[in-house]
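Reading through the C-alpha cells given below for one structure.
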Amino acid sequence: MKRFRTYLLVAIGFVLAGAIGAAFGTRRAEAVVATLVEIVNPATSPLPTSSVDATDPGRIAYQSTLSIGLGGTGCSGEVCSLSFPPVLAGHRVVVQQISVFANITTPALGPADIRISLNGSLLLEFTVPASPNTLAFVQPLQLALDPSNSVRVSVGNNDVVFAPPFSVTLTGYELDCTVATCAPIAAE
C-alpha cells in the first residue's frame, strides 16, 4: 500500500509538471505569432479608426459654428442673432449643446436673454448671467431637427450693447436617414 501511494504521488507530480509546461509553452508560441502580425492601412481601403455603433450606423458627430466678426452685421445694439442653415434632406440633427460667446461694450447690469427659434417660432427661452465685458456660456439641451428645419439663436439684454465678435456653436450628432431609417419625432 505504501508503494502504491508513492507511485500515485509520482504520477500526479508528472501530470502537474506537464500541465504547467503546456501552459507556459502555449504562451510562448502565441507571443511568437503575435510578433509576426503586420497591420497595413492603405489609402485605397482604409481601416476604420473610430468606434462604430452597429445599432446606429448612420450616426455622425455634428458641430456647427456661426460667427459675426468685427465689422459684421447681425448685432443691432441690444440683440445679436444668427440663423443656422436648414438640415439637409435625408438627415436629422440632434442638438445636445449650445455655446455662445459675445463681447459687451457696456457693463452688463443683468442676465442675458437667450431665445432659440425653430422656423420662425419661439421654441425655447432662458437667461444666463453676463460678466461686465463678455457673455460666455455652454448650455445642454435636446433639440431634434428634421430636413427644412432652421434654427435662429438670439441673445439680448436691455442694459447692454453687444458687439462683434459674437459666435454661437451647436453640438450634437447627425443621423443619415438614408443609411438607417429615422423614427418620427414624437410631438404633443
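From the convex hull of the Cα coordinates of region 59-176, what is the mean projected area in square nanometres?
Mean shadow area of the hull around the Cα atoms is 6.8 nm².
What dipole magnitude, in Debye to the nearest 20, does region 59-176 give about its Cα centre under +1 on Lys/Arg Cβ and -1 on Asp/Glu Cβ?
In debye, rounded to 20, region 59-176 gives about 140.
Taking H as built 1.01 Å from N, whose amide H comes closer than 5 Å to the amide H of CYS177, not counting residues under 5 places away?
Counting only residues 5 or more places away or on other chains, the set is HIS91, ARG92.
How much length is gained if the chain between VAL161 and TYR173 is pulled fully straight, taking 0.36 nm per residue apart and subtracting their Cα-Cα distance, in nm to one decimal?
1.0 nm
When the chain is fully extended, how far beyond the present Cα-Cα distance does GLN96 get from SER64, taking 0.36 nm per residue of separation?
So the extension gain works out to 10.3 nm.
Could you tell me the largest-minus-smallest coordinate of the C-alpha atoms of region 111-161 on each of the three principal axes, in descending order and whole angstroms?
39, 20, 13
Laboratory data are not the source of any read-out in this text; all were calculated from the coordinates shown. Here the structure is a predicted model, which is why all the values come from computation and not from measurement. In this analysis, Cβ positions are derived from the backbone assuming ideal geometry, glycine residues included, and neighbour counts consider all displayed protein chains.
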